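Accompanying notes for the structure given below.
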Amino acid sequence: MAKVINIKKGLTIKLDGAAAKEKCSASYTSLYAVTPTDFHGLTPKVVVKEGDRVLAGSPVIIDKMFPEIQFVAPVSGVVKSVVRGEKRKLLHVIIEADLACEYLQLPTGNPLEMEASEVKSAIQTAGLWPCLKRRPYDVVANPDAKPKAIYVKGFDTAPLAPDYAFVLKGQASDIQTALNALTKLTEGKVYLTLPAKGAATELAAAQNVEKVIMNGPHPASNVSVAINHIDPINKGEVVWTINALDLPFIGRLFNKGIVDLTRLVALTGPEVCQPAYYSCKPGIAMSALLEGNVHKEIPLRYVSGNALCGSRVEMDGFLGFYDSQVTVLHEGTDVDEMLGWVMPRFDRFSSNKTYTTPLLQKFFPTMSFKADTRVLGGERALIMSGEYDKVFPMDILPERLIRACLVKDLEDMEALGIYEVAPEDFALCEYICTSKIELQKTVREALDLLKAENGDE
Amino acid sequence: MKSLRNLLDKMKPTFSEGGKLSKLGSVFEGFETFLFVPHTTSKSGTHIHDCVDSKRTMFWVVLALIPALLFGMFNTGYQHYLAIGVDAGFFQTFFWGCLAVLPYVIVSYLVGLGIEFIAAQIKGEEIQEGFLVSGMIIPLILPIGVPLWMVAVATAFSVIFVKEIFGGTGFNVLNVALSTRVFLFFSYPTKMSGDSVWVSLKDYFGFGQAQVTINGFTGATPLGQAVVQASSDSLALTNVVGEPLTFWQMFLGLMPGSIGETSVLAIMLGGLFLIFTGVASWKIVVSVFAGGAFMATIFNIFAVDAYQAMPFWEHWCLGGFAFGAFFMATDPVTAARTECGKWIYGFFVGLLAILFRVFNPAYPEGMMLSILLMNLFAKVIDYYVIQSNINKRAKRAMVKSAK
């Protein structure tokens, strides 16, 4: 019987534009990109030149610190350009794709019969290592570390998040192979988080892993919450995390010997005409997903990821490596809302009881709401107390930790549990914050500072 | 709406940097964001934000204070006409109270907001809304007899020295409204306590009169009377014309006292609204009442005089206890900020209020002092709550490494 962890604190944000459960294929595009900014803290080195021919699975970028961490082309084709920004910062390596994808053939194998080092190098060669992230710091896993456990995120409670049961359907063998590979990478356990209702059957049937049922509102699906409840991270310990949606990539590698990054991406948000799932590969040009399917008459924001912690991209940008969701929101710069702060705003979502949403939701639990990207208020000092606690289901004092991060007090941060959190854990706090403080950015900067100070690579 | 928006857009350059009136930039921005939701969109982190902001939160507290204000106006008139022995009818009573109370509200807001506007301009920040609440609370916790210029001086003092010097809203250690009151209380004690400041005797444009005309008039508040009667066998609290005061009258609030503090009914109406909307912490309110009841019961058990034998429900209804519990102890900036700390903080606010009130006859208004004292200790309480979280984490790591 799987362990059940009940979570009361949190908030499920209901937005318009949930993806209908139907598969569409993205319109054809020849443009794909490998984007190093998807991988926080990476020092990239480009190993291809413009005009080089690459296969799906050929390395395009490597990490300067750990050259064994490779980032590979998702499709076969020709390197079209290497785009750099200010200070020659590498932004994208753009690949012009072939009509039919040609895969680099890699050896197959059964991870259960392989040595740990073989599994590791197979994953690294295939460019799938970045799927593994590490706590503390929430960056790509350090290959030399010995994680005390690996946590697999087996569902998602974020606003409009893809349904894992739908996305992972029929990939049971790939998933099991990937989980077997993960068990080789740690001496501890591999934990798999599952929702109380509607878990993907492929995950629920998985073997060789410790299943944990996380029951409650968002952020129940965040791995930090599971880690905090099961075995919190102490200073000096390392835990790796991976999203279950990335498991099929690893499975296909061992089963078929190819790097096939095809996944279903949920196209969601109030401004999408037909929200649905699209079959595509990470790095695909956003225009292929969005063109003709959004309400263009108003200013829009395209988010690769969910509305709480996704990253902003433009129409000419590319889908992020980790993202299985695209959210399109109304930017809201064209809205003149008179005396908005005192209005009832019936059609807006709010967790605050000065609005009617909490009441409406009681009577109409399936009701969803509009949203735009306006901050809806000025930035202030922290005034209201106990707000963050309501959506932070961990044994950590969020407000105190944020204060320590704001003043860059490293000792306090450590003492208050900074090693146990990722920026995404503060997304809800940031959403409900009356004082409109940029919390995820604050936590990110604090983690970076700590990483540099600790000399952790 | 469109034309107003266009007008603002036209005026904007004048108030922006380099414009003729750039010195009023913060004020203009304040009015602009008041009228229209700003167009700023999220730059980092979450792409969507909750609709709530500090304007709304503060305004909800002001809304919650309205019942107490309206009742305070009526009661001020009611006490006045009771003292002069005239039955003036509801509307005239209320009207007279309005005339008496409104100047306090206006002075408090003018002085406080004026200073806030200047401070915002100096710091180059947006105007902060915190004073909207303080400015409404200040008149409600004052006796009607205090001169307006004193209110102005005290408000200026506390906005500058209690709040802005520490960095403005969100950084003050002490409650701003209570600091105003405590400043007045110790600077001008004759205008803040005694028997003559609680009932206003003035003539406004021919309404009301400046002379007491009935026999047996006493302007003392019930708590003031309790102190005097402490050595007698039992308390015989009365209203201004010497009729005995029942519990329900205390609850309803038709008795002399600070303008907005007398009616527990009106305060509860607003206070429960705040708790229901989640603006005020119910934990603090509950624990304040619990702390008060606890201390009063202890006094009852060991009572040596009539005042100490006063039951806790009467303590709850007298003086500023209920008002303090709902509106001032719950000030999130100056109260304890940790959830566990709130219970402790509130309990001691209530406990100390009754202790001060009963043990020190010079300070019948124990609530003011106990909240200010606990404001100072709130950070200490939080410190220990936080420390226990830190210790738990440190211990966990120790156990782990010992294995």
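Computed from the coordinates by the stated procedures, all read-outs in this text should not be read as laboratory data. It should be emphasised that the depicted structure is a prediction, and the values quoted were computed from it without experimental measurement. FYI the Cβ positions are ideal-geometry reconstructions off the backbone, even for glycines, and counts take in every protein chain you see.
Averaged over peptide A:428-441, the number of partner chain Cβ atoms lying within 10 Å of each residue's Cβ comes to 5. Return the single residue from B:19, B:97, B:112 with maximal mean-square fluctuation; model: Gaussian network over chain B, springs between Cα atoms under 10 Å. Maximum fluctuation in the GNM of chain B, among the listed residues, is at B:19. In whole angstrom, how far apart do the alpha carbon centroids of the stretch B:83-105 and the stretch A:281-340 sit? Taking the Cα centre of each part, the stretch B:83-105 and the stretch A:281-340 sit 60 Å apart.
Sparse packing (at most 13 other Cβ atoms within 10 Å of the Cβ) combined with a DSSP loop state is found for the following chymotrypsin sites (Phe, Trp or Tyr not before Pro) in the stretch A:1-70: A:28.
Considered as an equivalent ellipsoid built on the Cα gyration tensor, the protein assembly as shown has semi-axes of 62, 30, 22 Å, the largest given first. Among B:205, B:251, the ranking by other beta carbons within 10 Å of each residue's beta carbon, starting with the fewest, stands as B:205, B:251. Reported to the nearest whole Å, the Cα centre-to-centre distance from the stretch A:361-387 to the stretch B:342-403 is 31.
For the stretch B:17-116, the relative contact order works out to 19 percent when only alpha carbon pairs closer than 8 Å and six or more residues apart are counted. Partner shielding of B:59-70 amounts to 1, given as the average count of beta-carbon atoms from other chains within 10 Å of each residue beta-carbon. Once the Cβ-Cβ distance between residue A:215 and residue B:214 is put in as r, and R0 is 60 Å, what FRET efficiency do you end up with, to the nearest 0.05? Efficiency, rounded to the nearest 0.05: 0.30. Among the DSSP helices (H) of chain B, those spanning at least 27 angstrom by Cα along their long axis with an average Kyte-Doolittle hydropathy of 1.0 or more are B:90-123, B:282-301, B:339-359; this is a geometric and hydropathy rule only. If one computes the Cα centroid of the stretch B:234-295 and of the stretch A:44-88, what distance in Å separates the two points? Centre-to-centre (Cα) distance: 72 Å. Calculated mean residue ellipticity, 222 nm, chain A: -6000 deg cm²/dmol, from DSSP H runs (n ≥ 4) at -39500 (n - 2.57) each, averaged per residue and rounded to 500.
Figure legend: label point modelled 7 angstrom from the Cα of residue B:231 along Cα→Cβ; residues of the stretch B:302-317 with amide N under 20 Å from it are B:303-310. With contributions of -39500 (n - 2.57) from each DSSP H run of at least four residues, the per-residue ellipticity at 222 nm computed over chain B stands at -19500 deg cm²/dmol. Cβ-to-Cβ counts within 10 Å put A:40, B:80, A:92 in ascending order as A:40, A:92, B:80, the fewest first. Taking all Cα pairs closer than 8 Å and separated by 6 or more residues, the relative contact order of chain B comes to 15 percent. Short-range pairs are left out: with C-alpha atoms under 8 Å and at least six residues apart, the relative contact order of chain A is 19 percent. Can you classify the stretch A:377-454 as rounded, prolate or oblate using the Cα gyration tensor, where a ≥ b ≥ c are the square roots of its eigenvalues, rounded means a/c under 1.5, and otherwise it's prolate if a/b beats b/c and oblate if not? Note, shape of the stretch A:377-454 comes out prolate. The residues A:52, A:316, when put in order of fewest to most other Cβ atoms within 10 Å, stand as A:316, A:52.
Peptide A:331-342 is shielded by partner chain Cβ atoms: per residue, an average of 6 of them sit within 10 Å of its Cβ.
Using r as the Cβ-Cβ distance of residue B:11 and residue B:205, and R0 as 41 Å, what FRET efficiency do you calculate, to the nearest 0.05? For R0 = 41 Å, the calculated efficiency reads 0.60.
Using DSSP to define loop residues, name the trypsin sites (Lys or Arg not before Pro) in the stretch B:20-50 whose beta-carbon has at most 16 other beta-carbon atoms within 10 Å. In loop regions of the stretch B:20-50 (DSSP not H, G, I, E or B), the sparsely surrounded trypsin sites (Lys or Arg not before Pro) are B:20, B:43. Quick check on chain B: take the gyration tensor over C-alpha atoms, sort the square-rooted eigenvalues as a ≥ b ≥ c, and tell me if it's rounded (a/c under 1.5), prolate or oblate. It is oblate, given that a/c is not under 1.5 and a/b is not larger than b/c.
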